[in-house]
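A short write-up of the structure that comes next.
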Amino acid sequence: MQTQKTSFLHAAHLVLACLLITLSISGCKPEAESNKQLITVWAHSGQEGERKVLMDQVQRFNEEFPDFHVELTLLPEGSYNSQLQSAALSHDLPDVIEFDGPFLYGYVWQNQLQPLDDLLPAAVQADLLPSIIKQGTMNDHLFAVGMFDSGLGMYGNKALLEAAGVRIPVSVDDAWTAEEFNQVLNKLAAKDQDGAVLDLKANYRGEWFTYAFSPIIQSAGGDLIDRRDYLHAESVLAGKEAVRAMTMLQDWFEQGYVDPNLDDAAFVEGRVALSWVGHWEYPRYAGKLGDKLVLLPLPDFGQGSKTGQGSWQWGINADARNAEAAARFLTSLLRPESILAMTEVNGAVPATKTAVSRSPLYREGGPLRLFVEQLRQSSVERPRTPAYQVITSVFQQAFDEIRNGADVQKALHQAAAAIEQDITDSEGYRSVPRS
Amino acid sequence: MADVTIKELVKSYDKKHLILDHINLEIKDGELMVFVGPSGCGKSTLLRTIAGLESITDGEISISNRRVNNLPPQQRNIAMVFQNYALYPHMSVRDNMSFPLRMQKMPAQEITQQVETVAEQLDITRLLDKKPKQLSGGQRQRVAMGRALVRQPEVFLMDEPLSNLDAKLRVQIRSEIATIQRQLGVTTVYVTHDQVEAMTLGQRVAVLKDGILQQVAPPDELYSRPANVFVAQFIGSPGMNIIPCRISGDELVLPLEKEPVCWPLPEEMRAGLEHLSRDEDIWLGLRPEAFRLSAQGQESSLSLPCQVLDAEFLGYDTLLRFQLTAPFKTALNIGEQTFTARIFQQLNCAVGENITLNVDVRTACFFDQSGTAV
Amino acid sequence: MNNTFRRDNRVGWLMAAPALTGLALFIGLPFLLALILSFTNLKLASPLPLTFVGLQHYARILQDPVFLRALLNNLLFAVVVVPLQTGCALLLALLVNRKLPGMVVFRTLFFLPVIFPFALISVVWMLLYAPGPNGVINSVLELLTFGFWQPQDFLHNQYLALPAIMVVSIWQGAGFQMIVYLAGLQDISEELYEAARLDGANSWQQFWYVTFPCLRNTTLFVVSVTTILSFRLFDQVQIMTKGGPLNATATVVFEAVRAAFERQQIARGSAMTVVFFIIVLCLTVFQRRMVSEDRRVG
Amino acid sequence: MRKILLTLFLAATALLYAAPILFMVYSSFKPDNEVLVGLTSGRFFAADLSWQNYADVFHRVSFGRYLFNSLFITLSVVLLGLVVNSLAGYAFARLHWFGHKALFGLVLALMIIPFEAIAVPMFYQMSYLGWRDSYLVQILPFVANAFSIYLFYTFFIGLPREFEEAARVDGAGTFRIFTSLILPNSKPAFASVTILTFLMQWGTFLWPLMVTSGERVRPLPVAVAQFQTLPPLQWGDIMAFGVMMVAPVMVIFLLFQRWFVAGIAATGTKG
C-alpha cells in the first residue's frame, strides 16, 4: 500500500516536472547576454556548405560588433513561406528575414517589411547587380537584397553531345531553337541505352517548377500573368504560345526523354547528357565531369532564350527593434568576401559587381559567365505581385498535371482561372495601409 | 454500542416511484436484525442508507440518538461487509484490514496490534500476507469480516455476505457469524434474500416488499403469526398454503356453490375470529405441516379429498404437492392451484392417486380480503 | 441536496475540469472556428479587412474539379481499401489464431508496421516504388512475370499512383485490425465450436456459421474505423505524391491543408474541413445505427 | 505434417510482409549509390555493408535533437493525458455532479471529430496566438482526449462499485479512493490508453508539419520527410535515419508486446 502511494507521488512529480520543463522551454527564447542588442534572423536551411558559410558570417559579425548579437534560426525549405506566413500572423517574424525572391511582394503588401533605401549605404546599393535591384524593388522602394542571384541553364555532357554529333551553343543568342532541341533529344536518345537523356530535376519539389519552366512560356511569348495590370492571366498563361511551349515539354516526358532522377544522380552517373538545372549543381557536376562539363543556354521557343532569375533575399521586418543594426548585418553579408564565400560553395552568381569581377567562376571568361550574361539580357523576373504565392502554387499544380499527360490547354486554363479568382478575392491586392 | 432508529424514511430517485416507502424501524443496541425480502424489495437500499452510501429523500436515520442523515459514511462509525467482500485486490490481507484504521490516522503500532488480534479471533493469522486472489471464498469472507471488525464499529452492516459461498460453507459461516455477534454484542444489520438464513440468524427479522416494511418480529412469531399473506408465503419453505374461506358462526365454511362444506372451529380459535362479520370472504392460511395423512377409513370432518401431483421424499419428510379434487376444484373456482403438504414419513403415492388429508386447523391463520392477518 | 451530493459536485467538477477545458479549447473552439471562418474571406496574414462572403467557398469547392476529384479519390480509396484491409486482417487473424510454436513471432511480424509512423513508411515505399528496372517492386514483378513486366513509375502514373498508396495503407493498417479481430476471435467460446462439430459442421461451415456471425460487431467496428481512416488520408499523399499525378491522389484533407497552409486560404481550407467533417459524421451515424440495430435484434 | 506446411506457409507470408522493413534495414548499411539497385541486377546482395550511413545522419542533421523532441512531446502527451483523462473518466463514471450526464454526452460527440477536421482552424488559432514552433503547441492540444476519457469511463464503470463503497465506509475521500484504490486496480486501462496515445502521437505528421519551423522542436516524422528532400539525396542515409527512428519504439514494443496487443484489442471492444 505504501509503495502504491509513493509510486503515484513519483508519477505526479514527474508529470509536474514535465509540465514545468515544457513551459520553461517554450516560454523563454534563448537570450543573448543582457547588455547586447539581439538581432533575430531566419534563413532557409539550404545545402550544407551554404549553411556553414552563413553561420560563419554570423559568428564573424558577432565578434566584430560586440554590442550586437545575431541569433540565426534555420528553417527547412519545403514549407518555408508557409512558416513565415503563419509567424507573420502573430507578429512573430524575426528582425531579419530571408525569403525566396518573388515572395517579397506578398510581404510588402502585408506591410511586413521596411524599405532599405535609407538603411543600406548608397555605395553598397550602387554596387548591386541590376537584377537584384529589380527583384527587390516594389512601389519604388528597395525592400530586399540578396547575396547572390541565380543562374538557370542546361549543363551538358560534352562527350555524349559530341558522340551524338550535335551543335553545342556557346551564348544566349546562339541557343538551340525548340525544333533543334527536339532533334538534339532525338539524336541523343538514339545513342542512349534507355532513351532517357534529359534531367529536368523531376525529383525536386515546390518552387523549382515555376522557376525552371515558366521561362519556357516566356520564351514562347506567354507569361504567368499579364504584367500590365497584374490582374489577368488567361490571355498569357493559357494563350496559344504558352500552350504550344508546355505541349512541347509534355512531349519530352511522353517520348521518354526525361529521366525520373529519383536518386538525383542521373547526370553525374552519365545516364543523361543534359541537365536542366541552376547554378547550385555546378560544384558537384564540375567535380564529377571535369572538362566534359559544358554550360548551355535554355532553348529558344520563339522569342529568344529566356531564363529565370532571383534567389534568396534578405529583408528587414517592419517591426524590427533596431533596423539600423539589422541593416548593418545585411551590409556585412554584402561585403565581397562574404558574397564570394557563399557563391564559392553554391556556385551562384555573386550579387555585386565587385564580387562578380573577383569571382573565378563568373568573371570574364569564367566557366559560368553565361549566367551573368543571361541576367543582363535574357532573364525574366518572376511576377512582382503579392499574388505570386498563389500563382506559383497553381502553376506547380498545372505543371504536375501537364507532366503526367493532362490536356495542356485545360490545365493552363484552370490555373489561369484560379489565379484570377484569387486576385479578385483579394480585391486586386489593393494596397492596405498598415493599421 | 448503539441503537439505530429509522423514522419515516423515504427514498426515491424520481419523486414519483418510491424505493423505500415511509420506513419506521428501531434496531436495538446489540441486536442482530435481519432484512429479508425478494430481490428488488429495497432491503439492500435500506442498509445502504444506514451506511450513508445512498442519500435519502425524506425522513430521518439516527445512530445512538445522533442524526446521521447528512453524515458521510466514514463519520457514522459503522462497518460493512459487502456481498462480493470488496477486498482491495492489490493489497495484502493485512493491508486490507489496516486500511480503515489508517484512514483514522491510528498509529502504526496500534494498527498492527489490532489487526493481529482480530486475525487471531477469526483464525486468519496465517493469511495475513496473502493477496485476496490467493484466498478461497470462505477465507475471503472471513477477511471481509475481519476488515469490518477491526475498526470496532458501533454498527455492523452485512449485505448478503454469504451469497457467494456454497451451501455447506454457508451454514458453517452463518453459525460463526451468529457466535461472533453474540460475543461482541455489536448492533448488526444483516441483509439476505434467503428466508432460512433470516430465520436462523436473526434475533428479529424485518420483511420488506416493494419498499414497504411488512413485518418486524422474532423468527418464531414471523412463522406462526405472519402479518399478511405476503409474509406468510415468503417465510417458510415451502410457504403457507392459502385457501379462500368464510367463517360462519363457529364453523369454518368453504363456500362451495352447491353444498358448502363446514367444519366446526376448535374452541380456542373462536375468540380471535369473533369480530369478523358473518359470511365475509377471507383467506385461510395453512402451513404445510398442518396436513396429516388420514388413516384409512378414519375420515374426520376436517379432511380434504386431494389428488396427488407429485411427492418428493427428502429423507426425513415428504413434500406432497396436490390439488383439491372435485367438488372443490370447480366450485371454489381456484382452478389448478396447487398446495403443498409436509408429511413426516416416507410416502409412496402414485401421481394422480386420490387421497384424503386431514387438517390441523389450530395452527391455521386467517387473513382478510386485503391480505392482512386477522 | 445533502452534503454527499454537494461534495461530489465540487470534486466531480474539479476532476473533470482539466479535460473539459482542454476539449473545449482544442476541439470545441477550433471546430466552431472552422464553421465561422468558412463564411469569411480570411487569408493568413492578409491585411485586407475581414468580410463575410456567405456560402461562396462552399459553392466554389463543390464546383472545383480538383476538390471533387479528391472526394472521388477518398471514396475510391475507401471502396477498395475497406474490404481488402478488413479481409486481410481477418485472414491474418485466423492464420495466427492457432496454437503452434512460433506463432508469437509471426504475430509480431504482422503487427510490426503498425508501430512505424506513416511518414517513414511513405519514405521507404517511395524507394520501393522507384521507377525503372532498378526499383525493387519493378524488379520483383519482372522476376515473377519472367521479364514480361514493363517497369512502371508507380507514383507518377495516374492509374497506378492511388493503388500504390492503397497498398501501403493496407500493409500498414492490417496488423492493427488483425489484433482487433484476434480479440474478437478469442471472445468466441470454444463450446460453440464443439457444439458445431457435434452437429457435423466442417471447418468452413464452422467459420461461416459460428465465427463470422460472432465477429459481426468487430467487423462493423473495423469497417467503420477503416472507412473513416480512408477519408483522413493525408501523410502518404503529402510525402509520396503531393496529390499528383493529375490529382489522382489528391484527398479532401490534402486539399484542405494545401489551401490553408500552402496558399494561406484559411477560409477555403475551413470550408473543406467542414465538408470533411460532415462526411465523417454521416459515416459515424450510419455505423452507430448498424450497431444499435444489431443490439435490438440480438 | 499439416502443421509443418502451415507453419512454412505462415513463415513465408510473414517474411513477405516484413520485407519492406527488412529492405529498409538492409539498405541502411549499403553505400548510397547502391541502394537503388534492382533485385535481379546481381548487385543487390553484393554491396559492402558499413555503418557509414549512420555516421552520416548524425553529421548531416541533428538526429539526437529530433529524437529528443519526439520522445519529449510524446511522453508529455501520454503522461499528462493519463492524469487528465483518467480523472475525467472517473468523474463521469462515478461521481454525480451537476451537468455530468450532458457533458458526457458532449464528450462522446467530440469523439467523432477527427483531428484533420480541426487542423486548419487550429493552425490559424495557434498562429494567431503566436504559439507556433514550440513544444507547448504540440503537447497541450492533445492532452485532453475524448476517446481516452471514454476508455477510462468504460473501465471504471466496470469496476465493482463495492470497492469504493467499502473504502468510503472505511473513511477514504474521493481523491484518496482514486489514488490508492482505482489507480492500482486499473493497470489495463492505463496501459491501453498509454499505448494508443503513444502510437498516435509518435507518428503524428500533419500538425508538426504545419506548426514547427526549425529543428528546435520538430519531431521525427516531419524530420524524416524533410530529410528525404534535403540535398544531396542519399537514400542510404535516409534508410539509416528510418532505422534509428523506429528502433526505440521497436524496443518498447518488444518489451511490452502484451500490453500493445491488449491496448489495441480494447479499441475494438470498446469502440
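The table below lists the values:
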item: Three principal axis lengths of chain B [C-alpha, angstrom, descending]; result: 81, 45, 36
item: Computed E for A:Ser235/D:Ala262 - FRET, C-beta separation, R0 51 angstrom, nearest 0.05; result: 0.20
item: Loop sites in segment A:138-228: trypsin sites (Lys or Arg not before Pro), DSSP, at most 14 other Cβ within 10 Å; result: A:Arg167, A:Arg205, A:Arg227, A:Arg228
item: Hz values of 3J(HN,Hα) by residue in segment D:183-192 - Karplus curve (6.51, -1.76, 1.60), Gly and Pro given as x; result: 4, x, 9, 10, 3, x, 5, 5, 5, 4
item: Contour excess over end-to-end distance, with Cα ends at A:Lys191 and A:Ile168 and 0.36 nm allotted per residue; result: 6.6 nm
item: Total accessible surface hidden between D and B, rounded to 100 Å², 1.4 Å probe; result: 1700 Å²
item: GluC sites (Glu not before Pro) within segment A:330-435, DSSP loop, no more than 11 other Cβ atoms inside 10 Å; result: A:Glu364
item: For the protein assembly as shown, diffusion coefficient by Stokes-Einstein and Kirkwood Rh (Cα), 25 °C, 0.890 mPa s, µm²/s; result: 65 µm²/s
item: Value of [θ]222 nm, deg cm²/dmol, for chain C, DSSP H segments ≥ 4, -39500 (n - 2.57) each, nearest 500; result: -21000 deg cm²/dmol
item: 10 Å Cβ neighbours from other chains, averaged over peptide D:91-101; result: 6
item: Other-chain or far-sequence residues with amide H under 5 Å of A:Thr137's (modelled H); result: A:Phe143
item: Cut-off 15 Å between beta-carbons: net charge of the residues surrounding A:Val53, Lys and Arg +1, Asp and Glu -1; result: -2
item: Integer Hz, Karplus 6.51/-1.76/1.60 couplings in order for segment B:192-204, x for Gly and Pro; result: 8, 9, 9, 5, 5, 4, 4, 5, 7, 9, x, 6, 10
item: Partner chain coverage, peptide A:370-378 - average Cβ within 10 angstrom; result: 0
item: Spin-label model distance (nm) - B:Val10 vs B:Glu221, 7 Å beyond Cα toward Cβ; result: 2.8 nm
item: Order of exposure, largest accessible area first, which applies to D:Ile118, C:Ile279 with probe 1.4 Å; result: C:Ile279, D:Ile118
item: Under 16 Å from B:Lys28, Cα to Cα: aspartates and glutamates that are on another chain or at least 8 residues apart; result: B:Asp3, B:Glu154
item: Long-range amide H partners of B:Thr356 with built H, under 5 Å; result: B:Ser294, B:Cys306
item: Accessible area expressed per residue, segment C:55-297, with surrounding protein chains retained (probe 1.4 Å, Å²); result: 41 Å²
item: Loop GluC sites (Glu not before Pro), segment D:156-229 (other Cβ atoms within 10 Å of the site Cβ: 16 or fewer; DSSP); result: none
item: Out-of-range pairs (alpha-carbon distance over 29 Å; input A:Lys410/C:Lys43; B:Lys133/B:Lys168; B:Lys43/D:Lys187; A:Lys240/A:Lys292; A:Lys201/A:Lys240; B:Lys105/B:Lys133); result: B:Lys43/D:Lys187; A:Lys240/A:Lys292
item: FRET efficiency estimate (nearest 0.05) - Cβ-Cβ, B:Lys28 to D:Phe175, R0 51 angstrom; result: 0.85
item: Net lengthening on full extension, D:Asp56/D:Leu15 (0.36 nm per residue, minus Cα-Cα); result: 11.8 nm
item: Order by protection proxy (mean Cβ within 10 Å, highest first), peptides B:238-246, A:123-131, C:174-182, D:198-206; result: C:174-182, D:198-206, B:238-246, A:123-131
item: 10 Å Cβ neighbours from other chains, averaged over peptide B:70-79; result: 4
item: Degrees separating the helix B:108-122 axis from the principal Cα axis of chain B, which is the longest one; result: 30 degrees
item: Under 19 Å from B:Lys130, Cα to Cα: lysines that are on another chain or at least 8 residues apart; result: none
item: Sum of -39500 (n - 2.57) over DSSP H runs of 4+, divided by residues of chain A (222 nm, nearest 500); result: -14500 deg cm²/dmol
item: Those aspartates and glutamates that a straight Cα-Cα span of less than 13 Å connects to A:Lys134, excepting residues fewer than 8 apart in one chain; result: A:Asp149, A:Glu381
item: Net charge, A:Ser379 excluded, C-beta distance under 9 Å - Lys, Arg +1, Asp, Glu -1; result: 0
item: MRE, 222 nm, helices only [DSSP H, n ≥ 4, -39500 (n - 2.57), over chain B, to nearest 500]; result: -7500 deg cm²/dmol
item: C/D buried area, accessible surface, summed, 1.4 Å probe, Å²; result: 8200 Å²
item: Peptide ranges D:252-258, A:52-58, A:244-250, A:211-217 listed from the most packed, as the mean C-beta count within 10 angstrom indicates; result: A:211-217, A:244-250, A:52-58, D:252-258
item: Principal axis box of chain A, alpha-carbon based, largest edge first, Å; result: 82, 65, 49
item: Derived scalar couplings ³J(HN,Hα) [segment C:42-59; Karplus, 6.51 cos²θ - 1.76 cosθ + 1.60; whole Hz; x for Gly, Pro]; result: 4, 10, 4, 6, 7, x, 5, x, 6, 10, 8, 10, x, 8, 3, 5, 5, 4
item: Considering only the protein assembly as shown, percent of DSSP beta bridges that pair antiparallel, nearest 5; result: 70 percent
item: Placed amide H near A:Asp300: partners under 5 Å, 5+ positions off or other chain; result: A:Trp176, A:Thr177, A:Ala178
item: For segment A:86-144 versus segment A:149-219, the gap between their alpha-carbon centres in whole angstrom; result: 33 Å
item: Point-charge dipole on Cβ atoms (K/R +1, D/E -1) for chain C, about Cα centre, debye to 20; result: 840 debye
item: Per-pair calculated FRET efficiency, R0 = 51 Å: A:Asn139 and C:Leu62 via Cβ, rounded to 0.05; result: 0.85
item: Mean accessible surface per residue for chain B, computed with a 1.4 Å probe while every protein chain stays in place, in Å²; result: 46 Å²
item: Relative intensity, log₁₀ I(q)/I(0), of segment C:55-297 from a Debye sum that treats every alpha carbon as a point, q = 0.09, 0.12, 0.16 Å⁻¹; result: -0.50, -0.82, -1.19
item: Area accessible to solvent at B:Asp21, 1.4 Å probe radius, in Å²; result: 50 Å²
item: Relative packing of B:264-271, A:219-226, which averages over residues the other C-beta atoms within 10 Å, highest first; result: A:219-226, B:264-271
item: Degrees separating the helix B:167-184 axis from the principal Cα axis of chain B, which is the longest one; result: 60 degrees
item: Accessible-area composition of chain A, carbon plus sulfur, in percent [1.4 Å probe]; result: 52 percent
item: Segment B:4-234 - percent of accessible surface contributed by carbon and sulfur, probe 1.4 Å; result: 46 percent
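The values are calculated or read from the model by the stated rules, or taken from the named source; none is laboratory data. A quick note: this is a predicted structure, and the numbers were derived from the prediction, not measured. With ideal geometry, Cβ positions are generated from the backbone for all residues, glycine too; neighbour counts draw on all protein chains shown. We work out accessible area using only protein heavy atoms, side chains counted, and drop any ligands, DNA or RNA first. Shrake-Rupley method; radii C 1.70, N 1.55, O 1.52, S 1.80 Å.
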